Amino acid sequence: MPTHLPRNRAFDIPPGTMVTGKWHGKQYQIIKPLGSGGQGAVFLAHSERGRVALKFSTDQANIASEVNVLNKFSKVRGDSLGPSLYDVDDWTTGRGTFAFYAMEYIRGTPLLECVRVRGFEWAPIFILQLLKDLDKLHREGWVFGDLKPENLIVTGPPLKVRWLDVGGTTPMGRAIKEYTEFFDRGYWGMGTRKAEPSYDLFAVAMIMINLADMRRFEKGDDPKKQLLTYVMRHRKLAPFYDEIKGALTGAYPSAAAMRADLLNKTNGTIGSDDRITNRKTRTKKKKEWKGTVILACAVLFAYFMYVAIFMM
Amino acid sequence: MSKGHLRQILLITDGCSNKGEDPVAVATLAREQGIVVNVIGVVDDGKSALAGIQEVEDIAMAGGGISQIVRAKQLKQTVQMVTRQAMTQTIKSVINKELQHILGDDETIEDLPPEKRGQVMEVVDELGETVDLEVCILVDTSASMERKLPTVQEALLDLSISLNSRMGSNRFCLYTFPGKRKAADKILTWTPDMSSIHSVFSKLASGGVTPTGPALREAIMSFSKLAKRSRMDHADTFTEESGV
């Protein structure tokens, strides 16, 4: 049976298309695409339960593995870590049969976008939330794997980070199969791709680095030194040097340990310190001050006019 | 998949073979012995097509493996993906055969309802994680490949990081072709760790001909050498034990 990898064939399902499951017969009407990856794509769709996210793939095995993960997730979930799974089925079309599953549609702002708008002072707060959920996941014997800003979304208010795509979640002790270079410990030559808590914590540190400047860069000749120097010299990251270093070098035994340190540090930096306050807010303040002066002048002027008129 | 081993040849090339026997025939021969042949064709960043594209596909098809044409930049992800997918495919085909024994007809994993399919995939994933893997890597080092060799080296190192994070054991060996005297030269003998390839790629001589077929034959031979070696290891431990 010859098999060629599908050649990045774009999933193109026009809005309005009705998708009917071959096995369970549920119907979905496509609203719009939400995103696509190497082997599949996610669409927003109407269903009998309201809006859902549909994930399609050319590789049925891939969908089956992801569904297994999502199923286990829903069993261990106290409060929702990832999206809930609703339905698994096949869709038969003229172009072939595609496996898909329907899951909860999580509405929110992508993490990068959210921090860009609200300022870096929010980054440690979101990371604290993330670490709490990771700790729960690790205690259940799972490792997230492909942890990156694209897989995280901020819902609310009240603002809360949630996981979008848990397809890379791997049982503890196995090999991580899905990863993104910038956030991958193996790429930076700083450890294996074995699923263990420290693998996720490395990615958490890289997310912080990414959030500081919204920038990703390539590795140099001495990646460890490169990363640590970058953090030390960075105005926004330097206050968290110890925590980031701990996560990058695998020094933290658990997400809870990293969270405790980061919480201490964050309590000390927020509010009391303008190191992490954006310049933008300062210029905004200046503008506000100007506004007040102009308003005061106007009131004074009006008062003089009033007095002058009254005197006459 | 005898005794829980998966055997693969990974051929990395950028063009058509022009010397010796037909590589498609040799790939067929490999498959007969339970060795899967995967082929990655590397194209230059400027060019869109590869002259030997058809041959790349034909060799993989004959060898029961996977083929992929990529630019040098994408090589790292591709090497990983192709090796993984070929493992899954081999395991699945074994399971499919079992399923056909039980269910009859042409029942395959894909014909099962999603719930059952999930259970089968769990077994496939489990096996992919724990099975022992032997990969003979065959790198084309003809003149046109020279600039791509650092990328190839990095991709192979990355592959060993990924595979060595699995629970199952791995063994790799590395051949380059054309060889100095033979069709292919052994650069690295069977080893669980590829980090030593740092030094080997620097001393390569790039030649003009591309004897893909004979090189594949060398790769097949490497597996019987490995089998012989592990049999000897066994014999050693046996005599030691009986000697006590």
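Here, each number is a calculation from the coordinates, and none is a lab measurement. None of these values were measured; they are calculated from a predicted model. With ideal geometry, Cβ positions are generated from the backbone for all residues, glycine too; neighbour counts draw on all protein chains shown.
A 21 angstrom limit on the alpha carbon distance is what I want to check against. Which of B:Lys148/B:Lys186; A:Lys72/A:Lys177; A:Lys55/A:Lys132; A:Lys225/B:Lys148; A:Lys194/B:Lys148; B:Lys186/B:Lys228 exceed it? Mind showing how you got there, number by number?
Working: B:Lys148/B:Lys186 19 Å; A:Lys72/A:Lys177 18 Å; A:Lys55/A:Lys132 27 Å; A:Lys225/B:Lys148 27 Å; A:Lys194/B:Lys148 29 Å; B:Lys186/B:Lys228 17 Å.
Pairs exceeding the cut-off: A:Lys55/A:Lys132; A:Lys225/B:Lys148; A:Lys194/B:Lys148.
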| request: Take the alpha carbon gyration tensor of the range A:209-256, find the square roots of its eigenvalues, order them as a ≥ b ≥ c, and report rounded if a/c is under 1.5; if not, report prolate when a/b exceeds b/c, else oblate. | output: oblate
| message | Could you give each residue of the range B:82-95 its phi-based ³J(HN,Hα) in whole Hz, using Karplus coefficients 6.51, -1.76, 1.60 with θ = phi - 60°, and x for Gly or Pro? | response | 4, 5, 4, 5, 5, 4, 4, 4, 5, 4, 4, 5, 5, 5
| R0 = 35 Å: FRET efficiency of B:Cys16 with B:Thr189, Cβ-based, nearest 0.05? | 0.75
| query | Taking amide hydrogens as modeled 1.01 Å from N in the peptide plane, which residues meet the under 5 Å criterion relative to A:Val143, leaving out close sequence neighbours? | reply | A:Thr170, A:Met172
| Is any residue of the range A:42-75 close enough, with backbone N under 16 Å, to a label point placed 7 angstrom from the Cα of A:Thr93 along the Cα-Cβ axis, and if so, which? | A:42-46, A:54-60
| task | With a ≥ b ≥ c taken as the square roots of the eigenvalues of the C-alpha gyration tensor of the range B:2-243, please select rounded if a/c is under 1.5 and otherwise prolate if a/b is larger than b/c or oblate if it is not? | result | oblate
| request: Please list, in chain and number order, the residues 5+ apart from A:Lys26 or on another chain whose amide H is under 5 Å from its amide H, with Hs placed from the backbone. | output: A:Gly21
| remark: Once both label points are put 7 Å beyond Cα along the C-beta direction, the A:Met18-A:Glu181 separation in nm becomes 4.6 nm
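How much FRET efficiency would the formula 1/(1 + (r/R0)^6) give for B:Gln33 and B:Lys97, where r is the Cβ-Cβ distance and R0 is 22 Å, rounded to 0.05?
On the way: r = 17 Å, r/R0 = 0.79.
The pair B:Gln33/B:Lys97 has a calculated efficiency of 0.80.
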| field | Under Karplus coefficients 6.51, -1.76 and 1.60, residue-wise ³J(HN,Hα) of the range A:55-66 in Hz, glycine/proline x | value | 10, 10, 8, 7, 9, 4, 4, 4, 4, 4, 5, 5
| query | Shape call for the range A:109-269 from the C-alpha gyration tensor, a ≥ b ≥ c root eigenvalues: rounded (a/c under 1.5), prolate (a/b greater than b/c) or oblate? | reply | rounded
| task | Multiply the residue separation of A:Ser36 and A:Thr109 by 0.36 nm, subtract the distance between their alpha-carbon atoms, and state the gained length in nm to one decimal. | result | 24.5 nm
